[in-house]
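Each value in this text was obtained by applying a stated rule to the coordinates, not by laboratory testing. Just so we're clear, the structure is a prediction, and the values are computed from it rather than from any experiment. Cβ: placed from backbone, ideal geometry, glycine included. Neighbour counts: every protein chain shown.
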Amino acid sequence: MRLLPQALRPEARLLLTGRGLRAFGDGFVSLLLPVYLQLLGFSDSAIGVLVAATLAGSAALTLGVGFVAHRSDHHVLLVAACVLMIATGIGFALETQYWPLLLIGFVGTLNPSAGDVSLFLPLEQALLAEATVDRDRTRLFAAYSLVGSLVAALGSFAAGLPELAADTLGGGLVKPVQAMFALYALLGLATYFLYRRLPPPATRRAAPAQPLRSSRRIVLVLAALFSLDAFGGGFIVQSLLALWLFDRFGLSLAAAGSFFFWSNVLTALSFLAAPRIADRIGLVNTMVWTHLPSNLLLILVPFAPSLWLALLLLLLRSALSSMDVPTRTSYVMAVVTPPERAAAASVTAVPRSLAAAAAPLASGYLLALSSFGWPLIAAGTIKAIYDLLLLTMFRHRRPPEERG
């Protein structure tokens, strides 16, 4: 199977490259964030609050972008998002006080999760949906997710560099971790110059009076379902999952980086399988029947008596849990009209930040009370309920390429 569709506009490759640059930064930041905050003396509960703030801020920005994108130039908004990414990296590299970091986390682009939860998302997805034909749309979104996951794996591996630098040069971890946040800012700068090369739209549609019109009902129903999935996922965003592994098993930063590297590699390989499975059983069935087993594996992880078994269960989960990502995006883009795509991407992506933002507060509290792994059980249970509801409500609503 070809990785990229043949019918592909040039801007798609720029967007895929930009996704890769951002994913590398997300890969190491999601692991270094809890370590950095612990080094600064903050409790697990305080870390949970800051993680929640980053997700809530991303949700607010993503929602705002989605509702102005239908009458704005997506390219200009992407360049502005890059400037915000640069400022976020500089802020975390220079600041050590909790309240300023909380504010920067809220207004910035920091991503504590393994997936993409940022204001880049609706803009990139809307442009990608128009960069190929319907029959190749799922394959293009699989490539988009694949690039993000593979490069995020390299970013996770790079999270061990501060520990290596501290062992080699001495002087503690704080300065090397701050240097990695500076690298995050440089990645934002590289993405800025990349997105300035995006060609302007060949034709400009008249902006609709509202960002969502004919597709409003289905988008709101999907958003409600995705919010349930996102709330469950918020209990185990990558920063908090790493924190649990640190607390429960004493996992080192370098070992955590290696584990999340392979976890992201398995996730990336699953993206290659997703379009092929979707061609056989449909987008909705692919979302549900790959996602549900992964949630059952997640529920089993806290009962693992040893580190190796817990990591094995998490790796098996990684091989299944994200096949719904490109299929979900493709499904949303398929069931709305082209002018509504940016708003639809925003409204359905926002719950993946906003609903998830509440869960880290509870997760941090649970981690402070016990190292058993209650957040993992809560996440798996809630996400399994989402799977069953999605199957019940949407198994008969097919995208254009599955009709006839």
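Summary table
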{"read-out": "Debye log10 I(q)/I(0) at q = 0.10, 0.11 Å⁻¹ for the stretch 289-404, Cα point scatterers", "value": "-0.40, -0.47"}
{"read-out": "Binned Cα-Cα distance frequencies in the stretch 209-306 - 5 Å width, integer %", "value": "2, 9, 13, 19, 19, 14, 10, 7, 4, 2, 1, 0"}
{"read-out": "Neighbourhood charge, 11 Å Cβ-Cβ cut-off, centred on L14 and excluding it, Lys, Arg +1 and Asp, Glu -1", "value": "+3"}
{"read-out": "Equivalent ellipsoid semi-axes, the stretch 80-203, via Cα gyration tensor eigenvalues times 5, rooted, Å", "value": "32, 18, 13"}
{"read-out": "Likely footprinting exposure, S346, S239, S294, fewest C-beta neighbours within 10 Å first", "value": "S294, S239, S346"}
{"read-out": "For the stretch 7-152, convex hull of alpha carbons as volume per residue, Å³", "value": "101 Å³"}
{"read-out": "Kyte-Doolittle mean at least 1.6 and Cα axial length at least 24 Å: DSSP H helices in the chain", "value": "44-68, 74-94"}
{"read-out": "Difference of contour (0.36 nm per residue) and Cα-Cα distance, S370 to R276", "value": "29.7 nm"}
{"read-out": "Extension gain, V83 back to R9 (0.36 nm per residue minus Cα-Cα distance, nm)", "value": "24.1 nm"}
{"read-out": "Estimated distance in nm for a label pair at R398 and S43, the labels positioned 7 Å out from Cα along Cα-to-Cβ", "value": "5.6 nm"}
{"read-out": "For the stretch 85-106 versus the stretch 148-199, the gap between their alpha-carbon centres in whole angstrom", "value": "15 Å"}
{"read-out": "Length released on extending from D73 to V133, taking residue separation times 0.36 nm less the Cα-Cα span", "value": "19.4 nm"}
{"read-out": "Assigned charges on the beta-carbon of Lys, Arg, Asp, Glu; the chain dipole about Cα centre (debye)", "value": "1260 debye"}
{"read-out": "Pair Q97, L154: separation of 7 Å Cα→Cβ label points (nm)", "value": "3.8 nm"}
{"read-out": "(1) 29, 61, 10, 0; (2) 29, 56, 15, 0; (3) 22, 52, 22, 3, 0, with the label sought being that of the calculated P(r) over Cα pairs in 20 Å bins from 0, in percent", "value": "(1)"}
{"read-out": "Neighbourhood charge, 12 Å Cβ-Cβ cut-off, centred on P34 and excluding it, Lys, Arg +1 and Asp, Glu -1", "value": "-2"}
{"read-out": "Neighbour net charge for A81 - beta-carbon separation under 11 angstrom, K R +1, D E -1", "value": "0"}
{"read-out": "Rounded if a/c under 1.5, otherwise prolate or oblate - the stretch 334-384, Cα gyration tensor axes", "value": "prolate"}
